[in-house]
1. Can you tell me the order of 135-144, 82-91 when each peptide is scored by its average per-residue count of other Cβ atoms within 10 angstrom, highest first?
2. Identify all aspartates and glutamates with a Cα-Cα distance to Lys90 below 12 Å; exclude those on the same chain that are fewer than 8 residues away in sequence.
3. Once the piece of chain linking Val98 and Thr217 is laid out straight, how much longer is it, given 0.36 nm per residue of separation minus the C-alpha distance between them?
4. Among Asp223, Asp62, Asp21, whose mean-square fluctuation peaks in a Gaussian network model of the chain (Cα, cutoff 10 Å)?
5. For Val196, enumerate residues with amide H under 5 Å from its amide H, sequence gap 5+ or separate chain, H modeled in the peptide plane.
6. Going by how many other Cβ atoms sit within 10 Å of their own, how do Thr97, Thr127, Thr181, Thr120 line up, fewest first?
7. Calculate one ³J(HN,Hα) per residue across the stretch 12-26 by plugging θ = phi - 60° into the Karplus curve 6.51 cos²θ - 1.76 cosθ + 1.60, and present them in order as whole Hz with x for glycine and proline.
8. Just to confirm the number: angle between the C-alpha axis of helix 146-188 and the first principal axis of the chain, 0 to 90 degrees, nearest 10?
Amino acid sequence: MTLGREKLFNIIEAIAIAGADPRSWSHVAHELHAVAPESGFSLLVHSSSNAPDIVAAAAGYDPHFLKSYVEHYHAMNPYPDLLKDVPTGKVQRLSSTVGTDWQRRQPFFHEWLLPAGNYTRGASLTTSREKGGFVRLCFDIPDKQVRSEDVAALVLERVGSHAQRALELNARLADAHLRATLAGSMIEALDCATFVIDDRRHIVSMNARAQGLLRDTAELREDVFGKLSLASASDQAKLSALLGAGQAQGATI
């Protein structure tokens, strides 16, 4: 299959959506698999520990073999060590990295790659590395599909930077969600009404006591823009001054 402009646009669009919604990586996997239908495609998360690899999204593999890889055969996969020094953002073709003689000496080939699809070719791109682990986009390609390896490498070169940015966004969103969850737990444990507001008075979070205060008092309210407001003009001025002083000192209010 050739990589047309419309197909490339569809893949990049799917990746952009996945940057905001990680559940959409499954759709990205199917879009990428479609450019080399004989292949298997996966978004692989590898840890430096003994934990099993995480296949975050995949398409084109027999589900039985995908399950057996995660549960057993990841431990004998020689390719993470083989590719550990390949720079992030660089597309690596398997045929230019190792020969078939080397592959056929590997237990992993006979135990998994051969029965799963006689995968002797491939293309991969490492999007990030951290603490010995990595996140990688991978095509596994059958032995005779020389053209598919060329197409897979080309599409990774075209979309690799987009995937890197989307995965970075996933990580930032996950971190922000964790911090928001922790902050919510902390303020809920306080025995007083507590609001978390930004420097423009937008309410970021509040505990149950704060919600009750907004509901039961006329002196304090949340306006239509989601900002914390005080009924008294003098009190509102004091709040604005406090926020300004805190921002100037780099404080979180």
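Taken together, the values in this text are just the output of simple stated rules run on the coordinates, not laboratory data. Remember, predicted model here, so these are calculated numbers, not experimental data. Here the Cβ is made from the backbone with ideal geometry for all residues, glycine too, and neighbour counts use every protein chain on show.
1. 135-144, 82-91
2. Glu157
3. Numbers: separation 119, 0.36 × 119 = 42.84 nm, distance 7.22 nm.
Taking Val98 through Thr217 to full extension adds about 35.6 nm, to one decimal.
4. Most flexible of the set in this elastic network: Asp223.
5. Placed amide hydrogens put Val204, Ser205, Met206 under 5 Å from Val196.
6. Thr181, Thr97, Thr127, Thr120
7. 4, 5, 5, 5, 4, 5, 5, x, 8, 9, x, 5, 7, 5, 4
8. For helix 146-188, the angle is close to 30 degrees.
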